[in-house]
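Here's the structure we're looking at; comments come further down.
The numbers here are math on the coordinates, done by the rules we state, and not lab data. What you see is a predicted model; the values in this text were computed from it and never measured. Every residue, glycine among them, receives a Cβ derived from its backbone with ideal geometry; neighbour counts consider all protein chains shown.
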Amino acid sequence: MPIVEIRDLSKTFNGRKAVDRLNLTIEEGELFGLLGPNGAGKSTTVAMLSTVLQPTDGTAIVSGHDIRKRPKEVREIIGVVTQDVGLYDDLTAAENLAYFGKLHGVEGGKLRKRVNKILDIVQLKDRTKSRVKTFSGGMKHRLNLAVGLIHKPEILFLDEPTAGLDPAARLSVWELIKGFQAEGTTILLTTHYMEEADYLCDRVAIMDQGKIVALGTPAELKRSIGKLEVIEVKARAPKKLVAKLRKIRKVEKAEITSEGLRVLTPAADAVLSQVVKSLADEGVHMDSLNIIQPTLEDVFIKLTGRALRD
Amino acid sequence: MKFLTCAAKDLRLFTRDRTGLFFTFLFPFLLIGIFGLIFGAGYRLPDLHVAQEDNGQLANLYVSTLENVFKIHKVENAEAAEQNVRNGLAVVGLVIPENFSRGGKVRLFYDPAKGDIAISMKATIESVTQRFWAGGESPVESQSVVGREIHAMQHFVPGWSIMFILMTAGIGIASTIVVERKSGAFKRNLLAPIRRGSFLGGHVFSAFVIGCLQLAVYFAFGILVFGMPVYGSPLLVALIGALVVFFGVGLGLLVSSFARTTDAASSAVWAVIMPMSALGGLWWAKEMMPAWMQSISNVLPTTHAMDSFRAVIMRGEGLAAIAPSLAVLAGFTIVVLALALKLFRWEE
């Protein structure tokens with residue numbers, strides 16, 4: 001049963017369409033991902049769904065409530081974790097949770113119990129009375145997640161919940177998110193990390209320039225680009241090399257990514273020697289070279305001709 | 001010559017720090033300018049209101065002598081001279097009686113609420129008159145129109161209270177909102193199922209409580225430590241204080257809608273409050289300022305707040321006497337709050 005129905009949702013900023021006639025449904029209990037580069041319109045979509053940004057056109061129904069007509073009711077049943085750590089540095093972890101809990105109508109003994117439980121879940125029980133300004137970045141992110149869940153929302157919007165975190169902290173946030181879903185919370189996650197979407201999400205919508213360019217489970221999306229393999233090169237590659245690689249027969253796409261280079265081809269063995277030669281001709285020093293199965297990043301490259309950059 | 005590179009970097013950073021530039025150049029200019037305009041042309045005494053009941057040669061000569069020191073403003077009779085001082089139109093009123101030429105004593109009405117300026121004028125008149133009569137017993141009969149002792153703290157406590165309450169309320173609310181915007185807490189508050197009015201109302205109410213505490217602490221300090229008398233109703237003092245707090249809160253909200261950093265927010269509040277304090281007579285009696293500056297002063301909310309405080313504390317006046325000033329102060333507060341609510345940025 002759909003819990004979120006997005007209908008022709010659009011947002012225009014100074015003539016630029018940040019979100020362009022978006023249509024989407026999210027099922028109850030699902031962990032749904034919006035994947036796309038920065039500026040794709042993911043956060044704008046979440047801002048509209050969470051009623052802090054008025055749509056230019058279209059609407060969405062969240063658990064039976066129209067975001068335009070019943071914003072207060074929508075805010076009662078959603079939890080939102082924004083990119084910014086929206087906490088009060090001079091309040092303690094418990095005080096922050098209690099404050100936002102009260103704003104959501106959780107009071108008294110129920111609130112105390114919930115604060116204790118949620119601090120336990122996000123592994124901050126021992127820092128209950130510490131001021132947030134003494135926390136590390138990872139701890140702040142965990143508390144930020146906890147605030148989004150303090151009132152047991154039906155739907156949790158996570159807007160880039162691991163942006164800027166180191167790999168260890170990111171992993172710990174991923175495990176928390178999995179745990180929230182296991183408790184029955186529907187989650188809409190936006191991210192520009194393809195591993196995050198791949199690891200966490202039941203279904204993923206790939207967004208680019210305000211539109212959905214692909215939708216499906218991570219496996220379906222990866223299959224959708226055909227029987228392609230990826231030659232992944234970790235190296236500092238010049239732009240002109242990409243043009244050269246694209247001219248090699250049987251190379252479908254070649255793109256520079258944040259880590260180096262990705263070449264999409266239906267016949268990796270056949271083109272490998274030419275790829276290596278092109279790299280050597282340009283004097284590129286390789287840290288590593290692997291032939292791997294396509295990822296969601298390759299789906300994005302295939303569909304848009306661009307990489308999901310950091 | 002690496003130190004030059006380091007110095008050039010520092011200077012570049014300095015030129016990009018708008019707050020630093022404000023406090024380095026603009027703010028001192030502002031204060032130097034105000035002080036210069038007030039005191040630069042020398043110490044100016046307010047007009048002396050004179051009721052001349054004796055039109056004889058000697059009395060005319062006496063008036064001419066006074067004209068060497070004061071600008072004389074002639075009034076009809078003794079009552080007018082006294083009333084003008086009582087109403088705040090004059091600092092000192094002088095009555096030259098019918099029998100002046102026969103040695104009759106000059107009567108002098110002064111408003112001690114005007115502080116040093118009144119004392120200075122009174123002393124000057126006494127001195128001029130004594131010389132005119134070439135010594136002998138004091139030919140001036142001085143009378144304070146409020147009939148009560150005036151305490152220096154009755155000027156300082158309300159003056160500094162107004163300034164610090166406005167500063168705290170203005171900077172406090174503006175900085176809190178700027179920090180909330182930057183940290184994302186602002187957005188998180190709006191994501192809760194609360195009305196926007198509740199969010200702003202919370203800010204306004206907390207600033208109001210802090211402002212009231214300030215007022216109570218400053219006045220308690222003046223009364224308990226310095227023995228400052230408050231002749232009027234404490235409720236009126238609280239009412240004036242409450243309006244001052246709301247004005248500061250409105251100003252802070254207004255500033256928060258355009259300031260992007262806490263530094264910018266405090267600079268903006270300083271830039272408004274400091275000139276308003278100087279021109280509003282919070283630091284000195286406004287009567288010391290040149291006439292054109294007094295006309296500016298008369299439209300400022302700080303002036304009306306100070307006039308109201310002085311009327312209640314020094315003269316024990318009631319609500320009716322300070323109603324016009326309260327109306328001006330309330331008007332400013334409503335306009336600033338309305339403007340702040342209209343311009344408040346709810347979306348980034």
Could you work out how far the C-alpha centroid of the range A:27-52 sits from that of the range A:72-103, in angstrom? 19
Considering the range A:1-127, what Rg and Dmax in Å follow from its alpha-carbon atoms? 16.9, 50
Cα gyration tensor, chain A - rounded (a/c under 1.5), prolate or oblate: prolate
Packing-ranked peptide list from A:217-227, B:164-174, A:177-187, highest mean Cβ count within 10 angstrom first, is B:164-174, A:177-187, A:217-227
Give the order of A:Glu255, A:Glu175, B:Glu79 when sorted by the count of other beta carbons within 10 angstrom, beginning with the fewest. A:Glu175, B:Glu79, A:Glu255
Please determine, in degrees from 0 to 90 and to the nearest 10, the orientation of helix B:301-315 with respect to the longest principal axis defined by the Cα atoms of chain B, where the helix direction is its Cα long axis. 50
What is the set of long-range amide H partners of B:Ala51 at a cut-off below 5 Å, with H atoms built 1.01 Å from backbone N? B:Val75, B:Leu94, B:Val95, B:Ile96
Only loop residues by DSSP count here, and only those with at most 14 other Cβ atoms within 10 Å; note down the trypsin sites (Lys or Arg not before Pro) in the range B:149-211 that meet that. B:Arg195
Please enumerate, by chain and number, the lysines with C-alpha under 27 Å from the C-alpha of A:Lys117, excluding those fewer than 8 residues away in the same chain. A:Lys72, A:Lys102, A:Lys125, A:Lys129, A:Lys133, A:Lys140, A:Lys152, A:Lys178, B:Lys187
For B:Cys6, B:Cys212, order by how many other beta-carbon atoms lie within 10 Å, fewest first: B:Cys6, B:Cys212
Calculate, axis by axis, the spread of Cα positions in the range B:88-177 along the three principal axes, and write the results as whole Å, longest axis first. 72, 20, 19
For the protein assembly as shown, what is the mean residue ellipticity at 222 nm derived from helices alone (per DSSP H run of n ≥ 4: -39500 (n - 2.57); sum divided by total residues; nearest 500 deg cm²/dmol)? -16500 deg cm²/dmol
Which of the lysines could be linked to A:Lys247 by a straight reach, that is with a Cα gap under 18 Å, when you skip same-chain ones fewer than 8 residues away? A:Lys239, A:Lys277, A:Lys302
Where does helix B:116-132 land angle-wise versus the long Cα axis of chain B, in degrees 0 to 90, nearest 10? 20
Those helices of chain A passing the 15 Å axial Cα length cut-off and the mean Kyte-Doolittle cut-off of 0.0 (DSSP H runs only) are A:93-103, A:137-149, A:167-182, A:268-281
Taking the Cα atoms only, what angle lies between the long axis of helix B:234-256 and the longest principal axis of chain B, rounded to 10 degrees? 40
Which of B:Val69, B:Asn84, B:Trp133 sits closest to the plus end of the dipole of the range B:48-144, meaning its Cα is farthest towards the positive end, when Lys and Arg get +1 and Asp and Glu get -1 on the C-beta? B:Val69
Computed over the Cα atoms of the protein assembly as shown, what is the ratio Rg over Rh, Rh following Kirkwood? 1.19
As a percent rounded to 5, the proportion of antiparallel DSSP bridges among beta bridges in the protein assembly as shown is 55
Binned Cα-Cα distance frequencies in chain B - 20 Å width, integer %: 26, 46, 22, 6, 0
What is the Å³ per residue value for the convex hull set by the Cα atoms of the range A:163-286? 140
